[in-house]
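Visitor: First the structure, then my questions, so here it is.
Read-outs throughout are calculated quantities, based only on the coordinates presented, and are distinct from any laboratory measurement. Bear in mind the structure is a predicted one, so any value in this text is a computation, not a measurement. Neighbour counts run over all protein chains shown; Cβ positions are idealised from the backbone, glycine included.
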Amino acid sequence: MRVLLDENVPRKLKHRFSPPHFVTTVQERGWAGVENGALLQAAADEFDALVTLDRGIEYQQDMSGLDLRLIVVSASSNRYEDLLPVVPAIESALVRLGAGEVALVAG
């Protein structure tokens, strides 16, 4: 599964995902600073899922019609150390979600 980490997720977290997940970051794609609506559209063209810490994005953006899974992570901070324990739950959500669906993963 092709997974995109939003710019608010530490880049080095991408190395903690297991195959078959291919993970890249918004910064690597050159999309840093792109507004959420445009980012979701661009991500849907190239990725299967977007992982973000942007709480409320699922209410602010219309996911209908997008071929993209959205995983919103709720953690005490966006520090790598705080997000690392949440990676297995993110991977589980990636497997169970269908396109256009949203999951909230708490850490």
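Visitor: Among the numbered conditions (1) surrounded by 18 or more Cβ atoms within 10 Å (Cβ to Cβ); (2) out of contact with any His (no Cβ under 9 Å at 6 or more places or on another chain), tell me where Leu94 comes up short.
Guide: Single failed check for Leu94: (2).
Visitor: For the range 13-23, state whether one or more residues are basic (Lys, Arg), surrounded by 13 or more Cβ atoms within 10 Å (Cβ to Cβ) and within 12 Å of the chain's Cα centre (by Cα). Steps first, please.
Guide: Restricting attention to the range 13-23, the residues satisfying the condition of being basic (Lys, Arg) are 14, 16.
From what is left, the residues that are surrounded by 13 or more Cβ atoms within 10 Å (Cβ to Cβ) are 14, 16.
Adding the requirement that they be within 12 Å of the chain's Cα centre (by Cα) leaves 14.
Checked the range 13-23: at least one residue is basic (Lys, Arg), surrounded by 13 or more Cβ atoms within 10 Å (Cβ to Cβ) and within 12 Å of the chain's Cα centre (by Cα).
Visitor: Restricting to the range 1-31, give me the number of residues that are over 15 Å from Leu53 (Cβ atoms), outside any strand (DSSP E or B), without any contact (Cβ under 8 Å) to a residue 60 or more places away in the chain and of a type outside the set (D, E, K, R).
Guide: So the count comes out to 5.
Visitor: Could I ask something else about it? Quick check on Asp54: is it among the charged types (D, E, K, R) and either touching a residue at least 12 places away in the same chain (Cβ under 8 Å) or not in a helix (DSSP H, G or I) (or both)? Reasoning before the result, please.
Guide: Numbers: among the charged types (D, E, K, R): yes; either touching a residue at least 12 places away in the same chain (Cβ under 8 Å) or not in a helix (DSSP H, G or I) (or both): yes.
When the stated conditions are applied, Asp54 passes them.
Visitor: Let me spell it out: the conditions are (1) within 15 Å of Asn36 (Cβ to Cβ); (2) in contact (Cβ under 8 Å) with a residue 60 or more places away in the chain; (3) of a type in the set (Phe, Trp, Tyr), and Tyr80 meets all of them except one. Which number is the exception?
Guide: It is condition (1) that Tyr80 fails.
Visitor: Of the residues Leu68, Leu40, which is touching a Phe, Trp or Tyr at 6+ places or on another chain (Cβ under 7 Å), of a type in the set (A, V, I, L, M) and within 16 Å of Gly98 (Cα to Cα)?
Guide: Working: Leu40 fails: touching a Phe, Trp or Tyr at 6+ places or on another chain (Cβ under 7 Å).
Every option except Leu68 fails the conditions.
Visitor: Taking into account only those residues within the range 76-91 that are within 28 Å of Asp45 (Cβ to Cβ) and aliphatic (A, V, I, L, M), which is surrounded by the fewest Cβ atoms within 10 Å (Cβ to Cβ)?
Guide: In this case the residue turns out to be Ala89.
Visitor: On to the next question. Is one or more of the residues making up the range 24-35 touching a helix residue (DSSP H, G or I) at 6+ places or on another chain (Cβ under 9 Å), over 16 Å from Val9 (Cα atoms) and surrounded by 13 or more Cβ atoms within 10 Å (Cβ to Cβ)?
Guide: No: the range 24-35 contains no residue that is touching a helix residue (DSSP H, G or I) at 6+ places or on another chain (Cβ under 9 Å), over 16 Å from Val9 (Cα atoms) and surrounded by 13 or more Cβ atoms within 10 Å (Cβ to Cβ).
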